[in-house]
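Just so it is clear, none of the values below were taken in a lab; they were calculated from the coordinates. Owing to the predicted nature of the structure, the values given are computational and were not obtained by experimental measurement. Heads up, the Cβs are rebuilt from the backbone with ideal geometry, glycines too, and the neighbour counts pull from every protein chain shown.
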Amino acid sequence: MARQGELPISVAPAARARPPPSAPVNGPCGAVAVARPVRGEFTYRVPEAMAASLRPGHRVSVPFGRGTSLGFYLGPADEPEVGSEVVLKPIIRLLDPEPALPEDLIALLRFAAHHYRYPLGEAIRAALPPGLTDAEASKEAAPDAVLYAVAAPGADASVLARAPAQAAALSYLLAVGGRATVEEIVTAIPGARATLKKLAERGLVSLESVEVKAGVKAGLGQERPERLTKEQAVAVGELTAAVDQGGFHPFLLHGVTGSGKTEVYLRAVEHALAKGKGGLILVPEIALTPQLVGRFRSRFGSGVAVLHSALKDRERLRHWQALRRGDVRIAVGVRSAVFAPVQGLGVVVVDEEHDSSFKQEEKLRYQARDLAVVRAKQCGAVVVLGSATPSLETLENARRGRYRKLEMRARVDDRPLPRVELVDLREARPREPDLSTEPPILSPPLTDALEDTLRRGQQAILFLNRRGHSTFLVCEVCGLQVRCDACDVSLTHHLSARRLMCHYCGQTWPVPDTCADCGGPLLKLGVGTEKVVAEVAERFPRARVERLDRDSATSAERLTELLASFARREVDVLVGTQMVAKGHDFPGVTLVCVVMADTSLALPDFRAAERTFQLLTQVSGRAGRGRDEGRVLIQTYNPDAPPVRRVVLHDFEGFAEKELDWRRRFAYPPYARMVGVRVDGTDPEQVRQVARKLADLCAARLPAASQGVRLLGPAPSPISRIKGRYRWQLLIKGPTHAAMAPLADALERALVEVPAAVRVVIDVDPGAML
Ligand code: ADP
Ligand code: ZN
């Protein structure tokens, strides 16, 4: 996070020095973004010897302050005014033969740095892969070849009894079919690289280097449906025509769950590729969407670079360089892939465009979906934003004719959408006063539906957006809640870990037996996924139940394995948080239960209703994707809440209509723009004062420049303390970013005066209000 004290906005460009008595002429000059937390671009002199080879996007080393720094050459700059007598310092060194950044990315990052009010050099550095982020000459990443270990015919690990390490490596290799990449084996058995060499010397294994040829199909030839549905065909027709025509064409692909959006993306990218263009596909989370990635891999083989957060530095660099050279023309990745150097971009896809993971919540706080559209516009490409529940921002753009809307209302093979029913938890409460006052976790209708599903050998998903066992502990005598000492939240009891855990700072504690204050007994209330699993296991002892949340999916491998075993139908009931709601395609699932729809409704956020509608629709969409019809049961205390009612009716339009009316009336996005200012620090009084001062500064400028710009706050954030830091916020709302710019500029300038112990972050187009 950019620290306050590190943002000397008004710093004098370090490249400028006092002129010596007889100032020489500067000659050609260049604009450079310095990879330091400083705003603005800097002008340096371009040495004559460098002038011929220097191109925009080149990494350079430049004098900065008292030392040198990594910089990015942006292009020629004007010489300082005649008579200003400023002598510029020269660029010292060119770090690579070829520019690391293509020109379209320079334009995109310039836009992002400006829009999100973040130092350009830092933004560029964050977009680059490791290996290009310090002022060192880059090394070519490992060649695009993969080293395979292949077991010799008849090789037998039992002859290696006296070399256990070699025996283990060989056994592993034989167990996976006699052939595996060295990388894979080393991941499974640390240190196996040397062992494999020894096995090779003994002739038990051969090591083969296989070159990864770009564009060569993997030859897996997995399901490419012969026929598109009518709606798919129309959508594909429009997209390919737009690619042919060239230039910027933004689309919203609004297709119900199971309508086959992925196939539409694949065809659009195929077409772009055939035209010699590239494709960029953004997805919310790779580990949660292995099927989509799998479809791209099987269609395009090694012609696709998959960019996710678990990549090793070396792989990330290799992908970057392969894309940069144009050897690989398709990139599939999470939000940061919006900066992937795909050449000759023809099609950009943002799948599940409504997903909040596209907003980065630290450093450069960008919205990747928005930047994807900007990028497509800047380089003249087709962009497709796809979802069953488009964000209201995107929907409004379609309604105003800025985006062309493609609709797919039917599921593939005319499978019906699942039947959605509500269970009113108010009625399910036990009536006898001497019984527990908590309603059952699984109401009778839900239990019946589960029993039915299990009896038919089908699968069920139970969704609850809360981890842990009990979500709060409260003293039966004095009513005291057990809370985190660093954060303003109550602690969750995690039964399997036998700890209390804070979900904001991650601290854990042993589970107390009694109230720390009065010694009274503690009640464990509130339901998390662990408690649901326990309940299902108790009611259905023969069912195979697994949990999918951040506690159970401890690594990407574990997550993939969990999803795979559910897909192989080794699990009957999957209980989980929103991780189960993503784009999974499990044909065996016929029942989806929402244990409690109310958790997201009550969030103090203007998007609470929208998020609830999206979550409920997405998770419902997991039901009935195969041969058998799907059914959805939603337990709730708010059966009349609009997002709940509209999900039952599969009525996105109706929901959106009402919600947009409300947003218009109260001037929220998409009818207004917002800038959040978040202030935090360890001294509550100091934080309050800074927030107050920044608000006063804004207020003082409002009457003159108001143009419908309004100030909300300052106020303590809904979660008033996290990790020992007190939090306040301030919101600016305005009709356009331009109308808010003078205020935001003033805020940025004021940041230098904020005491170093307080952190202030400007969050443009904020995602969450917590
Ligand atoms: P969505 O992303 O819209 O929810 P998917 O892209 O996951 O839907 O597609 C749902 C299922 O339908 C997948 O199993 C996919 O392989 C299959 N499918 C897609 N298009 C066709 C088609 N034209 N013919 C047959 N099956 C298809
Ligand atoms: Zn905490």
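Figures for the structure shown
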read-out	value
Förster radius 22 Å - calculated FRET efficiency between Lys723 and Ala497, Cβ distance, rounded to 0.05	0.65
Charge dipole (debye, nearest 20) of the range 495-605; +1 at Cβ of Lys and Arg, -1 at Cβ of Asp and Glu	260
Per principal axis, descending, Cα span of the range 495-634 in whole Å	58, 40, 30
Net charge dipole size for the range 533-588 [Lys, Arg +1 and Asp, Glu -1 on Cβ; Debye, nearest 20]	100
Ratio of Rg to Rh over the chain (Cα coordinates, Kirkwood Rh, two decimals)	0.98
Mean shadow area of the range 439-506, taken as a quarter of the surface of its Cα convex hull (nm²)	6.7
Peptides 614-621, 199-206, 114-121, 576-583 ordered by average Cβ neighbours within 10 Å, highest first	614-621, 576-583, 114-121, 199-206
Ranked list, fewest to most other Cβ atoms within 10 Å of each Cβ, for Glu610, Glu476	Glu476, Glu610
Anisotropy class of the range 652-770 from Cα gyration tensor, a/c 1.5 cut	oblate
Separation between Cα centres of the range 461-488 and the range 264-298, rounded to whole Å	41
The range 549-605 shape via C-alpha gyration tensor axes, a/c threshold 1.5	oblate
Projected label distance in nm at Glu685 and Glu103, using a 7 Å step from Cα toward the beta-carbon	5.8
Residue order, fewest to most surrounding Cβ atoms within 10 angstrom, among Glu48, Glu103	Glu48, Glu103
Distance-filtered residues of the range 292-331 - backbone nitrogen under 19 Å, label point 7 angstrom along Arg193 Cα→Cβ	311-319
Size of electric dipole in the chain: Cβ of Lys, Arg +1 and of Asp, Glu -1, about Cα centre, debye, nearest 20	960
Helix runs (DSSP H) in the chain reaching 30 Å along axis by Cα, Kyte-Doolittle at least -1.0	684-705
Kirkwood Rh and Cα Rg combined as Rg over Rh, evaluated for the range 349-426	1.09
Lysines with Cα under 16 Å of Lys377, excluding same-chain neighbours fewer than 8 positions away	Lys277
Spherically averaged projected area in nm², based on the convex hull that wraps the Cα atoms of the range 589-676	6.5
Distant-in-sequence amide H partners of Tyr637 (H built 1.01 Å from N, under 5 Å)	Leu425, Ala597, Asp598
GluC sites (Glu not before Pro) restricted to the range 512-577 and DSSP loop, no more than 12 other C-beta within 10 Å	Glu570
Fewest-first ranking of Trp728, Trp662, using other Cβ atoms within 10 Å as the exposure measure	Trp662, Trp728
Cα Rg, Dmax, the range 686-740, angstrom units	12.7, 39
Pairs of Cα atoms farther than 26 Å apart, the range 64-210, %	54
The range 275-376 pair-distance distribution - Cα-Cα, 5 Å bins, rounded %	2, 13, 25, 26, 22, 10, 2, 0
In order through the range 622-634: 3J(HN,Hα) via Karplus (6.51 cos²θ - 1.76 cosθ + 1.60), integer Hz, x for Gly, Pro	6, 8, x, 8, x, 5, 8, 5, x, 9, 10, 10, 10
Considering only the chain, percent of DSSP beta bridges that pair antiparallel, nearest 5	55
The range 219-280: trypsin sites (Lys or Arg not before Pro) falling in loop per DSSP and having at most 15 other Cβ within 10 Å	Arg227, Lys275
DSSP-loop trypsin sites (Lys or Arg not before Pro) across the range 52-115, with at most 10 other Cβ within 10 angstrom	Arg66
